[in-house]
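The values are calculated or read from the model by the stated rules, or taken from the named source; none is laboratory data. In this text, all values refer to a predicted model and were calculated from it rather than measured experimentally. Here the Cβ positions follow ideal geometry from the backbone for every residue, glycine too, while neighbour counts run over all protein chains shown.
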């Protein structure tokens, strides 16, 4: 039907004429209460957000000269995060002249990751950043 006739019908019913599919041939329109439609959509979005499971990214930093016991503590923290279902970010931070030994830092990070007993997957492989290396793992 012609657009003016559809608008007339919508005014008679005290409703709005809403274009549903503008790219269709001919364009598809619907007579509805647009304010009510927007309200329902916003409620639906809020309910969707409330039901989402929020996953935190927990972070642990180690250094090139971090001692074995401290690494053990960090490993336990990472395992606890993974068991709770959180993503974990492991960073090895290099300071000053340590930046010249990037190969050692990468090896230390790989060894640390091998020591983790809880099963995990790499979400992001080992990446270089200005102060060292980091990796993101998921349970």
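Here are the numbers for this structure:
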{"quantity": "Pair list, Cβ < 7 Å and 6+ apart or interchain, from the stretch 1-24 residues that are part of a helix (DSSP H, G or I) to residues that are surrounded by 12 or more Cβ atoms within 10 Å (Cβ to Cβ)", "calculated": "6/17; 6/29; 7/17; 9/31; 10/16; 10/17; 10/31"}
{"quantity": "Flag for residue 106 being under 30 Å from residue 122 (Cα atoms) and surrounded by 12 or more Cβ atoms within 10 Å (Cβ to Cβ)", "calculated": "yes"}
{"quantity": "Selection count where residues are without any contact (Cβ under 8 Å) to a residue 60 or more places away in the chain and not in a helix (DSSP H, G or I), scope the stretch 33-63", "calculated": "12"}
{"quantity": "Residue check for residue 91: modelled with pLDDT of 90 or more, within 11 Å of residue 63 (Cα to Cα) and surrounded by 15 or more Cβ atoms within 10 Å (Cβ to Cβ)", "calculated": "yes"}
{"quantity": "Selection count where residues are in a loop (DSSP other than H, G, I, E, B) and more than 16 Å from residue 60 (Cβ to Cβ), scope the stretch 95-139", "calculated": "4"}
{"quantity": "Close pairs (6 angstrom Cβ cut-off, 6 or more residues apart or separate chains): farther than 15 Å from residue 127 by Cα in the stretch 91-102, modelled with pLDDT under 90 anywhere", "calculated": "98/64"}
{"quantity": "Test result for residue 127, without any contact (Cβ under 8 Å) to a residue 60 or more places away in the chain, in the same structural domain as residue 75 (by TED's automatic domain parsing) and either exposed (fewer than 15 other Cβ atoms within 10 Å of the Cβ) or touching a helix residue (DSSP H, G or I) at 6+ places or on another chain (Cβ under 6 Å) (or both)", "calculated": "yes"}
